[in-house]
Amino acid sequence: MSCVERPDDFERRRKKLQGMSDEELHHQFWSLVEKIVEPVIEEARSHTTPSIERSILLRMGFSSIEANALVAKILEQNLLGHGAGRLILELAKAKQLSIHETGTALLAGQYWEELPV
Amino acid sequence: MKLSPNKKLDVSEILKGLEHYRPRRKGWTWRKKLKDNKIGPFVYKESSESLKKSIPLPAATYFENIDPQSDLVITTEIASGRFEDDLRRMRMAAWHGADHIMVIRTTGQSHIDGLIEGTPEGIGGIPISRKQIRATRKALDAIEDEVGRAINFHSYVSGVAGPEIAVLFAEEGVNGAHQDPQYNVLYRNINMHRSFVDAAEAKTIMKDAGILQLDGAHNANATAKEAWKVTPELFVQHAINTAYSNAVGMPNDLIALSTVPPTAPPAPKMQYDLPYAVALRELFADYKIRAQQNTRYMESDTMETTITHVLDTLISRMTSTDIQSTITPDEGRNIPWHYNNVAGVNTARQTLMGLDGLMEQVELKKDGSLRENVRELKERAVLFLEEILQKGGYYTAVEQGQFVDQGYFPERKGDGIVRDPQSGDGADTVIAREANYGAPVCSHFGNNIYAQNNNKTCDDYGGCTLCDPSKVQYIDELDAPDSVEKRLEQPLADQAAGILRPEVEKHGDSIVCVTLFVPESPKVAEAAALEMARHMGLKNPEVISRRVMHPAEGSVFEIKGILDVAINIEKLQIPTGEEPLSDKAIEDWVRPRNVQVVAATVGEDEHSVGLHEILDIKHGGIEKYGFQCHDLGTSVPIERVLDMAEETNAQVVLISTIVTHSDIHKQHMLHLHELAKQRGMRKKLILVAGGGQITEQLARQCGMNTGFGHGTTGRDVGSFLVRVLRELEAE
């Protein structure tokens, strides 16, 4: 649904703002912006995406190709909400393997049923 | 790797050992500002440290060849599709004062879900990959050593792989990046939830790496039909990205707004663009501003574009901009040519140095139309924000087409960009984090069980790549036929064979541009111009700029075409002339001495212009250095010249000989030499001949000390004389 056409009724709308000092207007500007941003940033705090998870695996030392394949498989198993990095790290601890060995094993189809969800 | 000014950048050497190359610093670098900086004859108020190596502005030759540098960072955008060619362009731009190099990404990279590897060729930009970034950073490290100033390397953290690209940039020492989720939503139709969730992670990574962030608001100017009417919304777009960045913890000094003065002449630019820039500066007083030059209203005329860009830069100076981004003057007609990147950089450099000290002398008025317009813009922006909240927040506002409407808000045309929050690229890929969600890495945003520990989140396994770069996995190539190594075969073979071709963009493209004025009506003139270009041997000639001088009297055209000519360097005859001495060096030597010069146009020859150019102070001739000149005029017999030399005890004789029929010019020179010998004067005299057909070689064959042809200046002659006289004096 697109916005309907509307004439420039700025003069009418500005009346409530005209009494404000410049400083008050700036304050109003920024407090409105913060209200807009608040729910959006909340979603980011509590959600993740395949790209975020791949970026985590990159930081854990996987190549982009490995990160792609691992995140795709974890997503397939509906496990991404636990964090790809956490699943691999905790599995590595349990199996006493390095991070990279753990990722390689998962890519070879091993240990999927042992992931610490 | 060390560069030598006389050697070309060796791409093979850059590629060598790349798997082990690490960036030597991270984060953004500003220029070191200097107050009251004395350079040559001037004191600059708004300058920064000078470069070790640079090419000064052309007029610097009148001011001791100074090359003052402004206190603003200067940006140029470079991307031909082949990064190996771009590296040379970056080096040229750095020598002309650019210290912020933006690399545009290849078409479509925004929609690639993941990282690209290797060095495939791009279209309209570079496929950003680890190898390309690392090679570019390595080259820029060498270039910044050469010019003596830090160079900021910049690209884009947008699209559906933002967080991964941010990690790549942090690991590889990229210094600046565009990051603005609104850009994805509005212009790339990427799902809005995905964009904003990704952005929080990307911004966290960027801020920890000290990467300067630019937003994407300027794109609204570039797409709007009447760009000056989207200004209220631009404040809103800037503010949303800024507040979102602050919310993830990005400090103010890493947040830069990307702004563009919205109009161009013949629009009354200052009436619209100045209040806009002032309002922006005031609303965002705590943030950095990167001002781009206008791209919305540019045609193919590079001079017109340049003038608009000068005015843009004036606005930057009046509103305390931090970064001056440049647009190449040819962007309105083709993918920028490399010398036009340099031209764009010079527009900013020349304008900023000319404006030095402006705001110490003038100030913007505190009342009147400027203040009224500034206030109005801010109020319109506040009303825009109120309406977003009334609609139910950002996502609903976008869904209802509130953004990029052509109306001057609160006016609405009903043509805004509409996006469905549940669709777009990457829809349904945002996943709720479980209670035990964890991400055992640094620079992670949001809920994370590992963040509750006191230790670093990556301690459990010895550190993430941001703490231990040795863990970064380097992939060289995935597709060998489409790689830099393959593409380099031809340039390396040409280089080995000593073959040269003209170029504007990529090695061997052979493109040249010619300017033609044709005295006919536009259509006839254009057809004729193309035909003339074909006669010049240009293949595929194409008019890239046309400007009517008069509907009947003629038009001027710029025509590009392919000049398919390979020049063999070894077969070239290259004059071995040395650089002339500086004006100051010549004058310092001549002034305290009494050097007498006798000059004349000899034979039966009434041409006086050439000699005047060389002698007269008002033509920049050698009199200005303190040479005592006796000009005998035109049609002077050789005997008379030598009489005068004897009378004045001259050390120098300059003869001008323009007429050449029956080789008369040669006879004059030989006669002068022989007669001087007979009179026993030859050894103490420096004999110099000048004229249209005179060359150094010919003059020497005819007994002269040297000769000068077309294009000679007083400085060339003065410099030659001082060098010879210095030697004689030393003997």
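Within region A:2-29, the residues that satisfy the criterion of being crowded, with 16+ Cβ neighbours inside 10 Å and either modelled with pLDDT under 95 or within 7 Å of another protein chain (Cβ to nearest Cβ) (or both) are A:SER2, A:CYS3, A:PHE10, A:ARG13, A:ARG14, A:LEU17, A:LEU25, A:HIS26, A:GLN28, A:PHE29.
For region B:380-388, check the following and say yes or no: at least one residue is outside any loop (DSSP other than H, G, I, E, B) and more than 7 Å from chain A (Cβ to nearest Cβ). Yes, because at least one residue in region B:380-388 is outside any loop (DSSP other than H, G, I, E, B) and more than 7 Å from chain A (Cβ to nearest Cβ). The set of residues in region A:96-117 that are more than 9 Å from chain B (Cβ to nearest Cβ), assigned to a helix (DSSP H, G or I) and either of a type in the set (A, V, I, L, M) or at positive phi (or both) comprises A:ALA105, A:LEU106, A:LEU107. Scan region B:411-429 and give yes if some residue there is at the interface with chain A (Cβ under 8 Å from one of its Cβ atoms), within 37 Å of the chain's Cα centre (by Cα) and open to solvent by less than 40 Å² (accessible area, probe 1.4 Å), otherwise no. Within region B:411-429, one or more residues are at the interface with chain A (Cβ under 8 Å from one of its Cβ atoms), within 37 Å of the chain's Cα centre (by Cα) and open to solvent by less than 40 Å² (accessible area, probe 1.4 Å). Restricting B:ALA220, B:ALA224, B:ALA239, B:ALA200 to those that are in contact with a Phe, Trp or Tyr (Cβ under 9 Å, 6 or more places away or on another chain), more than 14 Å from chain A (Cβ to nearest Cβ) and touching a residue at least 12 places away in the same chain (Cβ under 8 Å) reduces the list to B:ALA220. Of all residues in region A:44-95 being more than 8 Å from chain B (Cβ to nearest Cβ) and not in a helix (DSSP H, G or I), which is farthest from the chain's Cα centre (by Cα)? Selected residue: A:GLN77. Is there a residue being within 14 Å of chain A (Cβ to nearest Cβ), open to solvent by less than 10 Å² (accessible area, probe 1.4 Å) and β-branched (Val, Ile, Thr) anywhere in region B:167-184? Taking every residue of region B:167-184 in turn, at least one turns out to be within 14 Å of chain A (Cβ to nearest Cβ), open to solvent by less than 10 Å² (accessible area, probe 1.4 Å) and β-branched (Val, Ile, Thr).
Scanning region B:394-408 for residues being in contact with a helix residue (DSSP H, G or I) (Cβ under 6 Å, 6 or more places away or on another chain), open to solvent by less than 30 Å² (accessible area, probe 1.4 Å) and facing chain A (nearest Cβ under 8 Å) gives a total of 1. Note on region B:622-662: residues that are open to solvent by less than 30 Å² (accessible area, probe 1.4 Å) and at positive phi total 2.
Here B:GLN361 meets the list (1) of a type in the set (S, T, N, Q); (2) open to solvent by 30 Å² or more (accessible area, probe 1.4 Å); (3) in contact with a helix residue (DSSP H, G or I) (Cβ under 8 Å, 6 or more places away or on another chain) almost entirely, failing just condition (3).
Note on region B:527-564: residues that are more than 31 Å from the chain's Cα centre (by Cα) and within 26 Å of B:ILE335 (Cβ to Cβ) amount to 2. Hey, does region B:358-378 have a residue that's facing chain A (nearest Cβ under 7 Å) and either closer than 30 Å to A:PRO7 by Cβ or among the hydroxyl-bearing types (Ser, Thr, Tyr) (or both)? Among the residues of region B:358-378, at least one is facing chain A (nearest Cβ under 7 Å) and either closer than 30 Å to A:PRO7 by Cβ or among the hydroxyl-bearing types (Ser, Thr, Tyr) (or both), which makes the answer yes.
For region B:296-322, the candidate set comprises residues that are assigned to a loop (DSSP other than H, G, I, E, B) and open to solvent by 40 Å² or more (accessible area, probe 1.4 Å); within that set, the residue that is nearest to B:PRO265 (Cα to Cα) is B:TYR297. The test for being touching a residue at least 40 places away in the same chain (Cβ under 8 Å), open to solvent by 10 Å² or more (accessible area, probe 1.4 Å) and of a type outside the set (Asp, Glu) holds for B:LYS53. Filtering region A:1-43 to residues that are of a type in the set (Asp, Glu) and either assigned to a loop (DSSP other than H, G, I, E, B) or under 26 Å from B:VAL418 (Cα atoms) (or both) leaves A:GLU5, A:ASP8, A:ASP9, A:GLU34, A:GLU38, A:GLU42, A:GLU43. Would region B:12-33 turn up any residue that is over 30 Å from B:SER470 (Cα atoms) and in a loop (DSSP other than H, G, I, E, B)? Yes, region B:12-33 contains at least one residue that is over 30 Å from B:SER470 (Cα atoms) and in a loop (DSSP other than H, G, I, E, B). Taken over region B:216-274, residues that are more than 19 Å from B:SER369 (Cβ to Cβ), modelled with pLDDT under 95, open to solvent by 10 Å² or more (accessible area, probe 1.4 Å) and not in a loop (DSSP other than H, G, I, E, B) amount to 4. Of the residues making up region B:457-504, just one is open to solvent by less than 60 Å² (accessible area, probe 1.4 Å), more than 26 Å from B:ILE116 (Cα to Cα) and among the polar types (S, T, N, Q), namely B:THR457.
The values are calculated or read from the model by the stated rules, or taken from the named source; none is laboratory data. Computed from a prediction, not measured in an experiment: that's the story for all the values here. Quick reminder, even Gly has a Cβ in these numbers, built from the backbone with ideal geometry, and neighbours come from all protein chains shown. Only protein heavy atoms, including side chains, enter the accessible area calculation; ligands, DNA and RNA are left aside. Shrake-Rupley method; radii C 1.70, N 1.55, O 1.52, S 1.80 Å.
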